[in-house]
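J.: One structure is given below, represented as structure tokens, and several questions about it will come after.
The values are calculated or read from the model by the stated rules, or taken from the named source; none is laboratory data. All values reported here derive from a predicted model rather than from experimental measurement. Cβ placement follows ideal geometry from the backbone for every residue including glycine, while neighbour counts extend to all protein chains displayed.
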Ligand SMILES: Nc1ncnc2c1ncn2[C@@H]1O[C@H](COP(=O)(O)OP(=O)(O)OP(=O)(O)O)[C@@H](O)[C@H]1O
Ligand SMILES: Nc1ncnc2c1ncn2[C@@H]1O[C@H](COP(=O)(O)OP(=O)(O)OP(=O)(O)O)[C@@H](O)[C@H]1O
Ligand SMILES: [Mg+2]
Ligand SMILES: [Mg+2]
């Protein structure tokens, strides 16, 4: 009986831990061991943090706990009722309730009382059984009512805590800086808000109840056993610690197995996720069969792991059950002996059959918590690991953060100054060396250079996605470190090289930064920019759905949407990183012309490989391996005859050589 | 609580049904139309390979129930034996160890030993059961997962376009976990409950058919209530799952687009959005809890009610069937006094035994309704049995929960599995024979949404080894056209021939093997640089990898990476610059030496100098290959044998660079635009002195 119950609970746990997969896969990294620890022993600091989150609801928790305790107490009366039935009612002793009734009636309705009393004399067992069952039914009913109350109350309390943590995770993620996102894998970040927090649901909802109630159940059962007969207590209670230690061993074994299962399953899911995301490449390079056989190999291991875990389970649970059963044997043997031995003694000293039956049942109440704790512990360990990861995230200080004395950037004119800036994404691999330049308000600055020379990196620094290791970046004389990022970003428009659209319509995407913009304003902005022609020709115009990550748009269309989005915010500083690389020449020219008008009073940074977009810049910075090697206007640089002149010659030679 | 993806919308299975496409003749009904039982039946078909194991698992359950009932029965017998001993008045006054060696305790000890054996046997069966369950459910899920994976790889992109990748991933993972959970616990538990209930009722009917009947009584009500509840619960459950999925979607998009969020300083609105979604989810979860709140207590109530009723009946039967009917048995009046504690018992055992049968004067033990003498032991058995049944019936909540989930999940699973391939393959399609790579488009029309064609009536024909350039405005359908060539989609009309063979009649593998693709948007796997390059050609040597990297001008920067070719890339190649990623993609395409090479704007992210170097290197590679180039820069286009101008999905111009320059049209227009820079340049040279004077004077000022 118990074994199946246990097993069911374990299975339940297992399914609780099911993997909710992020949209894009977490990444396998052969250098680091797969995954993070999935199990963790109870640690007071982590528990304290969980309790801290639960603190605002402590009264609710206390109410829920009390209700739960009351319900359990009522349920624990069961064996006593049976004892009463066997020892008292069936032998025909009048039930207290019935005699009480008679006594009560006697003063008011002596006639009725008399007939009841007579019936009681002749049919005492019927009255007794009736009364006991009625009482039992009543307490059961109460217990069910309490259960009904707690089902919602308890869950609501716990879920409130969990949702508060969910929201805190999300809000905290918004504060963390880009380097965190570079460092941490997408799947990992996502799992903080999905699997990890899900693993905490049950402990947070039921944890306190489970621990306290089980402890109480055990305690009461032990008391009942001791109370009924101390010899019996000595004879069986020593099994408690034995069971506990066996359980400990089992827990360790099965814990290791489950860890294996989960770690490996991460591989299955990672493989799947990555291949689905890169499906086009998979198909184009014909990797289906190979992928399937690789996937099945992973699955094979997963299957074996699961079966091994079940086998461990299958061995240990029955073992535990058998040990638990030893207690029952002792109770039966010793109990039978006591019943027969004491049958001649006085009523109070006698060990009755009813007592034997009650003890037999209380033994289950005593033993189950020990086993329950095992399962709960398993779940707790998972929750601990998850909680620790979540709290690590929540404790993570954003590297790029508004300092305490940060001020809001007032509306800027748009002067940007780099002052001997050095920067590296990873400490040992510098990307920018000693970058110094000044962009005056309204100027257009072009960044030119080979791929990988650091153009996008400079853009990232102006956006304060990263902070330089050395040197300073000043906007209108304000050091970037000393202003709030919010006020900074509100005055900037950015078209990043890797464009990103949110699923939704074109319109929603364009007004992403300005949700209150009307459709007319959006269209006006697009018209001014020159992207309206393309966007209005889409399937459903501005209401076309862009698909996941914009996949239902052609790349050029995506870039135009991003461009319009940046422009709509009417920024003082505009940053265009290859903003039109996938746009056709005609549209690009239109945008180019529009830009010349539109950027007059904005400071604009442009990165483009099509140097035609660069010629009118006020300042061209030529980068090579993270250093500025040339600077000047288009013409002065051509004059100089250096790197830029060479790049430009390359660019024009190719177009020009075949003039009709 | 689940963060499962939403019940996704019905797939528009817009299969291209051209005359010779091998579409499935008997199209099965869409999984969305299947009834629950049909779904289950289909799900069970996956049991076929593990039929024997599954049957064994069920048999073990029955065996287990049988042993369990016997164990409980033995316990009852032990108690009865004790009671009988008591009633017979044999009192053992010897110490424990002596007592159990002698009658009456000896036979009781025997029974206890038998009970012990039964329990050991039972636990052994438990072990087997656990093992078997896990074996056969794992095997089944293995097959299901492999099937869905295979399907996802081959279903074609129209299907992928319609479903978010997160949802699809969940089909193969958590949805199948749900199915497994149902099989392993729900289904087997159902078998167990049925076996249990049947077993006990059979047992009870050996005592009295009335008892058995009373035990059966609540069952129909139960079934009715559970079914009714299921109907109410399913929509609530789905709503909760969907709300949970919305929350995850907000999170996913937020994390994936973090630089946009930061760049536009929309953290505040994002938090609002998330919290709103989270609040909805919370409400939906509480909706389901409220349903449970009513369901679970009623289920427990019914169970408890019948439990207590049976108990009462049984207790009465104990009284009624007691076989010593002493007529003089009236209770001592003293015990009637309300002051006596309930535990106070009659002084001696014989008295108690006499008291037991007090009111049975009218009903004798031989009464035909009660063929068996019911005694206290039975009460214990009933208690245990009802307790066991009760706890199982309370699992009905869980089964029903799992059932709801499994049904939702199975539906989604079959939705993927049943999705007809949008690019169906003939069963024994021959490989594309090795040929020069001539390509013919024969009046091809295609739209992602069939009602809105994206490319129309495309017809051209190029001999093997030629270089074809596709130019045209943004969104004119260039990328779409080349994807048709590799059968990522099938056209709604017309056909595409390679070396004279309709590509739909060749095997997909051979077709795609002969085409090397550089996508407009680069996707790299989080693997080493070398493995990314040899992705399509896993047995390429390091020499091949390096040669390909040299052609795409990637070798140099790869060598600068910390571990060279063995450097791990970030997700989607995130730690590389745009141009670096693109160059890896080019290397990846050329390494497998394809007959046809497609370069979809493959040089857009590289600087002119590198572009020039790559083009020069590619020229050598392009010899003897058919190459499709999509580009906006005419420099890349002008060397091609055929330039096709695509506007609004139609071919508006076709010819060589020189021919097209002579025609009025899009091509000449863009050439003019691009040449204008050069003209500007000449003008600028004329003006340069003035400019220079300007510049220097300005420099002096600053
Ligand atoms: N997140 C990152 N983590 C580590 N290294 C990076 C990261 N992003 C870029 N790099 C490296 O920094 C260098 C400069 O990259 P950056 O993106 O600034 O180049 P870029 O000039 O914009 O090139 P492209 O023209 O190809 O876009 C490259 O060598 C690149 O590999
Ligand atoms: N998966 C898709 N689902 C629905 N519509 C799509 C999908 N992909 C592209 N489209 C639409 O089909 C049209 C043609 O797109 P395609 O990508 O072929 O353009 P393109 O010529 O390659 O443009 P670009 O030069 O910008 O890359 C566009 O209007 C686009 O919005
Ligand atoms: Mg860049
Ligand atoms: Mg395209």
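J.: State all residues of region B:262-280 that are assigned to a helix (DSSP H, G or I) and within 7 Å of another protein chain (Cβ to nearest Cβ); if no residue qualifies, say none.
T.: The answer is B:262, B:263, B:267, B:269, B:270, B:271, B:274, B:275, B:278.
J.: Considering each of B:150, B:175, B:161 in turn, give the residue that is surrounded by fewer than 22 Cβ atoms within 10 Å (Cβ to Cβ) and either under 20 Å from residue B:57 (Cα atoms) or touching a residue at least 40 places away in the same chain (Cβ under 8 Å) (or both).
T.: Going through B:150, B:175, B:161 in turn, just one is surrounded by fewer than 22 Cβ atoms within 10 Å (Cβ to Cβ) and either under 20 Å from residue B:57 (Cα atoms) or touching a residue at least 40 places away in the same chain (Cβ under 8 Å) (or both): B:161.
J.: Another question, if that's okay. Considering every residue within region B:576-585, establish whether at least one is part of a loop (DSSP other than H, G, I, E, B), touching a residue at least 12 places away in the same chain (Cβ under 8 Å), closer than 20 Å to residue A:625 by Cβ and within 16 Å of ligand 4 (Cβ to nearest atom).
T.: no
To keep it simple, each residue is scored yes or no on (1) crowded, with 24+ Cβ neighbours inside 10 Å; (2) within 16 Å of ligand 2 (Cβ to nearest atom); (3) more than 9 Å from chain A (Cβ to nearest Cβ).
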{"position": "B:546", "(1), (2), (3)": "no, no, yes"}
{"position": "B:554", "(1), (2), (3)": "yes, no, yes"}
{"position": "B:572", "(1), (2), (3)": "no, no, no"}
{"position": "B:592", "(1), (2), (3)": "no, no, no"}
{"position": "B:606", "(1), (2), (3)": "yes, no, no"}
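J.: Do you know which of the residues in region B:430-475 that are within 14 Å of chain A (Cβ to nearest Cβ) and away from ligand 4 (no atom under 16 Å from the Cβ) is surrounded by the fewest Cβ atoms within 10 Å (Cβ to Cβ)?
T.: Filtering region B:430-475 for residues that are within 14 Å of chain A (Cβ to nearest Cβ) and away from ligand 4 (no atom under 16 Å from the Cβ), the one surrounded by the fewest Cβ atoms within 10 Å (Cβ to Cβ) comes out as B:451.
J.: Going by what's in this entry, would residue A:598 be described as more than 16 Å from ligand 1 (Cβ to nearest atom), at pLDDT below 85 and either more than 34 Å from the chain's Cα centre (by Cα) or surrounded by fewer than 18 Cβ atoms within 10 Å (Cβ to Cβ) (or both)?
T.: yes
J.: Right, another one. Condition test on residue A:466, is it part of a loop (DSSP other than H, G, I, E, B) and assigned by TED's automatic domain parsing to the domain that holds residue A:645?
T.: Spelling it out, residue A:466 is indeed part of a loop (DSSP other than H, G, I, E, B) and assigned by TED's automatic domain parsing to the domain that holds residue A:645.
J.: Could you grab me the full set of residues in region A:515-546 that are at the interface with chain B (Cβ under 10 Å from one of its Cβ atoms) and part of a loop (DSSP other than H, G, I, E, B)?
T.: Correct list: A:515, A:531, A:537, A:538, A:539, A:540.
J.: While we're here: Take residue A:423 and tell me if it is within 12 Å of chain B (Cβ to nearest Cβ), surrounded by 15 or more Cβ atoms within 10 Å (Cβ to Cβ), touching a residue at least 24 places away in the same chain (Cβ under 8 Å) and within 12 Å of ligand 1 (Cβ to nearest atom).
T.: No; evaluated as a whole, the condition is false for this residue.
J.: Could you say which residue among A:460, A:499 is within 16 Å of ligand 2 (Cβ to nearest atom) and either within 12 Å of chain B (Cβ to nearest Cβ) or without any contact (Cβ under 8 Å) to a residue 24 or more places away in the chain (or both)?
T.: None of the other options fit; the residue is A:499.
J.: Would you confirm, using the coordinates I've provided, whether residue A:139 is outside any loop (DSSP other than H, G, I, E, B), more than 7 Å from chain B (Cβ to nearest Cβ), buried (at least 22 other Cβ atoms within 10 Å of the Cβ) and at pLDDT 80 or above?
T.: no
J.: Filter region A:576-603 for residues that are at the interface with chain B (Cβ under 8 Å from one of its Cβ atoms) and more than 16 Å from ligand 3 (Cβ to nearest atom) and give the result.
T.: Selection gives A:583, A:584, A:585, A:586, A:587, A:588, A:589.
J.: Anything in region B:608-644 that is farther than 9 Å from residue B:469 by Cβ, within 14 Å of another protein chain (Cβ to nearest Cβ) and not in a helix (DSSP H, G or I)? List them, or say none.
T.: Passing the criteria: B:632, B:633.
J.: Moving on to the next point. Can residue B:596 be described as away from ligand 2 (no atom under 16 Å from the Cβ) and either more than 23 Å from residue B:478 (Cα to Cα) or surrounded by fewer than 24 Cβ atoms within 10 Å (Cβ to Cβ) (or both)?
T.: Judged against the criteria, residue B:596 is a match.
J.: Only one residue in B:413, B:441, B:426, B:460 is out of contact with any strand residue (DSSP E or B) (no Cβ under 6 Å at 6 or more places or on another chain) and closer than 30 Å to residue B:624 by Cα, so which one is that?
T.: None of the others qualify; the one that does is B:426.
J.: Of the residues B:529, B:482, which single one is crowded, with 21+ Cβ neighbours inside 10 Å and away from ligand 2 (no atom under 16 Å from the Cβ)?
T.: Among B:529, B:482, only B:529 is crowded, with 21+ Cβ neighbours inside 10 Å and away from ligand 2 (no atom under 16 Å from the Cβ).
J.: Would you tally the residues in region B:158-177 being within 7 Å of chain A (Cβ to nearest Cβ) and assigned to a helix (DSSP H, G or I)?
T.: Residues in region B:158-177 being within 7 Å of chain A (Cβ to nearest Cβ) and assigned to a helix (DSSP H, G or I): 10 in total.
J.: Can you find, within region A:446-456, the residue that is farthest from ligand 4 (Cβ to nearest atom) among those that are within 18 Å of residue A:494 (Cα to Cα) and buried (at least 23 other Cβ atoms within 10 Å of the Cβ)?
T.: Looking at residues that are within 18 Å of residue A:494 (Cα to Cα) and buried (at least 23 other Cβ atoms within 10 Å of the Cβ), I get A:454.
J.: Against the definition (modelled with pLDDT under 80, outside any helix (DSSP H, G or I) and touching a strand residue (DSSP E or B) at 6+ places or on another chain (Cβ under 9 Å)), how does residue B:14 come out, yes or no?
T.: Yes: the conditions hold for residue B:14.
J.: Could you list all residues from region A:610-633 that are facing chain B (nearest Cβ under 9 Å) and without any contact (Cβ under 8 Å) to a residue 40 or more places away in the chain?
T.: A:612, A:615, A:632, A:633
J.: Continuing with the same structure: Residue check: is residue B:133 free of Cβ contacts under 8 Å to residues at least 12 places away in the same chain, touching a helix residue (DSSP H, G or I) at 6+ places or on another chain (Cβ under 8 Å), assigned to a helix (DSSP H, G or I) and away from ligand 2 (no atom under 16 Å from the Cβ)?
T.: Judged against the criteria, residue B:133 is not a match.
J.: Take the conditions farther than 30 Å from residue A:501 by Cβ, facing another protein chain (nearest Cβ under 10 Å) and touching a residue at least 24 places away in the same chain (Cβ under 8 Å) and apply them to residue B:513. Does it pass?
T.: yes
J.: While we're on this one: Can you find even one residue in region B:210-224 that is more than 16 Å from ligand 3 (Cβ to nearest atom), surrounded by 21 or more Cβ atoms within 10 Å (Cβ to Cβ) and modelled with pLDDT under 80?
T.: Yes, region B:210-224 has at least one match.
J.: Residues in region A:463-496 that are buried (at least 23 other Cβ atoms within 10 Å of the Cβ) and away from chain B (no Cβ under 13 Å): how many?
T.: 1
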